[in-house]
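Down below is the structure, laid out as C-alpha cells.
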Amino acid sequence: MKQWQNSLTKLLIYMAQLCVLLVLTWLIWRNLNHMAYVEFIGGEKVDILQATWSWLPFAALSLALVFLAANFKGRTVYIVCSLIYCLLFIFLSSQIDFGLRADADIVYQLSQTLFSENKAAVFSEDYFLKYPFQLGLMIYDGLLTRLWSSPKIIFFVNFLQILAINYLVAKLTLLVFGDRHGLESMTIMLSFLFLPQLIYVHFGYGLIPGFFFLILGAYLLMKGIKASQFALAYYLTACLAFSLSVIIRQNFAIGIIAIIIGLFVSLIGKNSWSKVFLLLSLIACLILPSRLLAFSYELILDQDFPSGSPSNLWVAMGTDPQNLDRSAGWYNGFNYNTMSQVNNDYDQAKAIGQTKLKENIAYFQENPAYFQDYFNLKIDSQWTEPTFQSLWTTSRAAQTYHSKWGESLHQESFTFANIYQACRGIYLLILIASLAFICIHFRGKASFLPFMIYLVGGFLFHLVWEGKSQYLYTYVFTLIPLAARLLNDIVYYIPGWNSQD
C-alpha cells in the first residue's frame, strides 16, 4: 500500500513536471522567434514582430550581476538594490505625472464615494452592478486614501510592497532549497533585475498588493511547515494573507490552487491531521472571502449582492475567432455590452455566453488550422511582450511629462527600445534557467510543485480568458527561485566560492 502511494505521488509530480517543461519550452521558442509590442496610440492594438537577438547583451549583463551578487551577503545586496530602487522610484515619479486610467480610475473614484456620506450611490452604479468583484479593491483603495487623499498613496504603498515581495521571495527560496552559499543574494538580484515589477509601481489596479499578499501567504505557510513551534499561528496568518490576495484581485486564486495541489500531493500516504486542516483552510480561502463580502453587503444594505457578469462571457470573448481588433481574444467589450443589452440580468447574459461559446467551438472544429493560428497569436500577444504591458499601462492619453526622457518611455524611442530589450533579457534568462533546473535537478519533490503549477495554471487560464499581458508577470516572477537555484549550482561548484558566509 505504501509503495503504491509513493508511486502515485511520483506520478503526479512527474506529470506536473512534464506540463511545465512543455509550457516553458513553448514560451522560450515563441520568445526567440517573436516579439509583441502594444501600441501606445491605437487602443491597445498588439503588433507581433520578428524577434531580434538584442536581448543577449542584457541577459549577459544580468547574469554577470547575479554571479557578482553571490560574493556578498544577502542583506548587503538587498540594501544596495533597495536604495537603487528608491532613487529610481523618486526619479520616475519626478519625470512623469502618473495617474490612474480606465478601470483602475473607475474603481478609485468609486472607492472615494464608498467612504463618503453618499456611499450607497456606489452600489447603484452600472459599473459595480457589472463587476461587483471589484468591491475588495474599492475597499483597499478607500482605506489607503483615508491616509492621503491622492492616488499617489497607492503608488507609494505599491513601492513598499515591491521591496517586501523581493525580500520574501528570497526568504521563501531559502525555506524551499536550504541556505546554500550565495543563493539568497542571487535570488535578490534576480528579483530586482525584473524591471516590469518596478515599472508597475505606478499601476493602481490591485496587481502589486494582490501579489504581495500571495507571496506573504506562501512564505508564512512554508515557515509554518518548517517551524517546530507556533506552526498554527503561521498557518492562520498565511490564510489571512491568501484571503486578502483574492479579495483584492481574484486572479491570485490560481496561486492558492497551485499551493493546494502541492500540499495535497505531499499528503498522499501520510497521516497528518494538521496538514489536512491546513488544506481545508486553504480551500476556504478560495470561497469564504467573496462570500464574506457579499454577506456584509447584504447585511448592511438589506439587498441581494449583484451576481455581476457571468464568467462565460470572458471565456466567450477570449475564444472568439472573430475577435482580432486588438489581438486574438483581447478585450473587445463583449462582456460589458452583453450585460448592458440584458440590463445586467445574470441569467440572460449567461445564456448568451453559452450560445457564443458553442459558436466558437463549432467554428474551430470546422477550421482546425485557424484554431492553431488563433491560439498561437494569442500566446504571442500575451507572452512575448517582455514588459508585460507595464510601460503601456502606466501611460495615459492626457499624461503630463516633465522631461523629454520621461516622454520617451511612452513612445517608440531609443529609451523604450533598450528597456524593452533589457526586460527581454531577464525574462528569457529566467525562463531558460528554470527549464534547465527542472530538467537537471527535479527529483520528484512536492515542495517545488506550486512554482510549476502556478505557471501552467496561469498559462491555461489566460489561453481562454480575456487576452491581456499585464496580468502575466507574476507567473514568471515566481519562477525566480527555480532560476536562482540553477544559477547557484554553477557558483556552488566553482572552487573558492562554495564556502559558507
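The values are calculated or read from the model by the stated rules, or taken from the named source; none is laboratory data. It should be emphasised that the depicted structure is a prediction, and the values quoted were computed from it without experimental measurement. Virtual Cβ from ideal backbone geometry, glycine too; neighbours counted across all protein chains shown. These accessible areas exclude ligands, DNA and RNA; they are computed on the full protein's heavy atoms, side chains included. Shrake-Rupley method; radii C 1.70, N 1.55, O 1.52, S 1.80 Å.
Here the peptides 166-179, 184-197 are ranked by packing, the mean other Cβ count within 10 Å, and the order with the highest first is 184-197, 166-179. Of the peptides 99-112, 419-432, 317-330, 356-369, the order by per-residue mean of other Cβ atoms within 10 Å, starting with the highest, comes out as 419-432, 317-330, 99-112, 356-369.
Using Cβ point charges alone (K and R +1, D and E -1), the dipole size of segment 391-472 about the Cα centre works out to roughly 240 debye. Would you mind classifying segment 287-340 by shape? Square roots of the alpha carbon gyration tensor eigenvalues, ordered a ≥ b ≥ c; an a/c under 1.5 is rounded, otherwise it is prolate if a/b is larger than b/c and oblate if not. Here segment 287-340 falls in the prolate category. For segment 212-329, the solvent-accessible area of protein heavy atoms averages 48 Å² per residue (probe radius 1.4 Å; ligands and nucleic acids excluded). A convex hull fitted around the alpha carbon atoms of segment 355-501 yields 205 Å³ per residue. Dipole of segment 202-343 (Lys/Arg Cβ +1, Asp/Glu Cβ -1, origin at the Cα centre): which of Gly308, Gln229, Met339 lies farthest to the positive side? Positive-end residue among those listed: Gln229. For the peptides 242-248, 8-14, 469-475, the ranking by mean Cβ contacts within 10 Å, running from highest to lowest, is 242-248, 469-475, 8-14.
For segment 379-431, the solvent-accessible area of protein heavy atoms averages 32 Å² per residue (probe radius 1.4 Å; ligands and nucleic acids excluded). In this structure segment 26-178 gives 46 Å² per residue of accessible area when probed at 1.4 Å with all protein chains present. Stokes-Einstein diffusion of the chain at 4 °C, 1.567 mPa s viscosity, Kirkwood radius from Cα pairs, rounded to a whole number: 54 µm²/s. Taking the 1.4 Å solvent-accessible surface of the chain as the whole, the part contributed by carbon and sulfur is 64%.
Pairs with C-alpha atoms separated by more than 21 Å, drawn from the list Lys226/Lys275; Lys130/Lys356; Lys119/Lys468, are Lys119/Lys468. Both radii are taken from the alpha-carbon atoms of segment 352-398; with Rh as the Kirkwood radius, Rg/Rh is 1.20. Between amide H atoms placed 1.01 Å from N, distances below 5 Å from Ile96 occur with His402, all of them 5 or more places distant or on a separate chain.
Taking the Cα centre of segment 92-135 as origin and assigning +1 to Lys and Arg Cβ atoms and -1 to Asp and Glu Cβ atoms, the resulting dipole is close to 100 debye. The magnitude of the dipole of the chain, with charges of +1 and -1 set on the Cβ of Lys/Arg and Asp/Glu and taken from the Cα centre, is near 1820 debye.
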